[in-house]
Amino acid sequence: MSIAALSERLVEETMIEQGVKKPEARRIVAREAGIAPGALERLASNRLVHVERIADRISAYVIRRIEKKMAQLECELEAAKRAAARPDDARIFAAMSALDEAKRLMRGEDKLKAATEN
């Protein structure tokens, strides 16, 4: 994929993710990649003379975005694993019933002690 196509893809993704129009998305991508917004505009219209000057920064920015997405997906995966590892509802309800029963017994014992002390 060419640097021009890659930068346009980044701009389009930013438009979708942040809900902004193309000029604003270009400014965001340029700021985050560490290049001038005008360089992205000239790259998109094939008027940028020295593409190699910004190619490394755009590539590094793509790598950072991919790493960020991977971290987000790993977090979601861990949350899904934890949710799948929970005991089923029947066991949860059985434990809750047992706890309620124990509380009732404790209240009953307290009433019995109060009656015998009087």
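Percent relative contact order of region 1-88, based on C-alpha pairs within less than 8 angstrom and at least six residues apart?
For region 1-88, the relative contact order is 25 percent.
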Checklist entry - Could you give the nm distance between label points at Leu105 and Ser59, where each point is 7 Å from its Cα heading toward the beta carbon? => result 7.0
Checklist entry - Given region 1-66, what whole percent of its Cα pairs are spread farther than 14 Å? => result 50
Next on the checklist: Order 55-67, 24-36 from most to least packed using the mean count of other Cβ atoms within 10 Å.
Outcome noted: 24-36, 55-67
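Every number in this text was worked out from the coordinates using simple rules, so none of it is lab data. Note that the coordinates shown come from a computational prediction; the quantities given were computed from them, not determined experimentally. Every residue, glycine as well, gets a Cβ built from its backbone with ideal geometry; the counts of neighbours run over all protein chains shown.
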